[in-house]
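What follows is a set of notes on a single structure, which appears directly below.
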Amino acid sequence: MDVKQARGRLMEEQQNRRALAERLRGHVADVVEDRELSKVDQHAGELGTETFERERDLTTLTMLEAELDDIQHVLQRIEDGSYGTCEECGKAIGDERLEAKPWARLCIVHQAEMEKAVSRR
Ligand SMILES: [Zn+2]
């Protein structure tokens, strides 16, 4: 994968996520007054909908922040010249994987292991 291209995409993803996280933070803080986004669930009870939306926003926000951390991290690795290699074993992560997820930090083997470890908790 072309590093310049990867950096461009990462910056773009970073910008999008920052903007979205910013919006979500505002929404979480102000969910009761925000009627725009609750139009979708007209059938659910109002309180239930708001609680649900808040939970969902918080989950999304946590995910975005984790991805932003990863993006920041791999941007640093681009500077170091180690972008695209697994942080565990040093093998190439693979273009296909980086194409789908340019902020990937681990090869598919170690990613699977890490996910197993997380879900074991
Ligand atoms: Zn690995």
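Checking the structure you have, find out if any residue of the range 110-117 is under 21 Å from residue 13 (Cα atoms), out of contact with any Gly (no Cβ under 6 Å at 6 or more places or on another chain) and not in a helix (DSSP H, G or I). There is no residue in the range 110-117 that is under 21 Å from residue 13 (Cα atoms), out of contact with any Gly (no Cβ under 6 Å at 6 or more places or on another chain) and not in a helix (DSSP H, G or I).
Filtered by the rule that a residue be acidic (Asp, Glu) and not in a helix (DSSP H, G or I), the range 46-89 gives 87, 88.
Could you list all residues from the range 57-82 that are within 16 Å of the ligand (Cβ to nearest atom), of a type outside the set (D, E, K, R) and closer than 28 Å to residue 24 by Cβ? Once the filter is applied, which keeps residues that are within 16 Å of the ligand (Cβ to nearest atom), of a type outside the set (D, E, K, R) and closer than 28 Å to residue 24 by Cβ, the range 57-82 yields 73, 74.
Under the condition of being in a loop (DSSP other than H, G, I, E, B) and at negative phi, which residue from the range 90-102 is farthest from the ligand (Cβ to nearest atom)? Filtering the range 90-102 for residues that are in a loop (DSSP other than H, G, I, E, B) and at negative phi, the one farthest from the ligand (Cβ to nearest atom) comes out as 102. Within the range 69-88, residues that are on the phi > 0 side of the Ramachandran plot sit with their Cβ atoms under 7 Å from residues that are surrounded by 12 or more Cβ atoms within 10 Å (Cβ to Cβ), at 6+ positions apart or across chains, in these pairs: 84/1; 84/92; 84/93; 84/98.
Within the range 35-46, is even one residue at pLDDT below 95, buried (at least 16 other Cβ atoms within 10 Å of the Cβ) and more than 16 Å from the ligand (Cβ to nearest atom)? Scanning the range 35-46 turns up at least one residue that is at pLDDT below 95, buried (at least 16 other Cβ atoms within 10 Å of the Cβ) and more than 16 Å from the ligand (Cβ to nearest atom).
The values are calculated or read from the model by the stated rules, or taken from the named source; none is laboratory data. Keep in mind it's a predicted model, so treat the numbers as computed, not measured. Cβ: placed from backbone, ideal geometry, glycine included. Neighbour counts: every protein chain shown.
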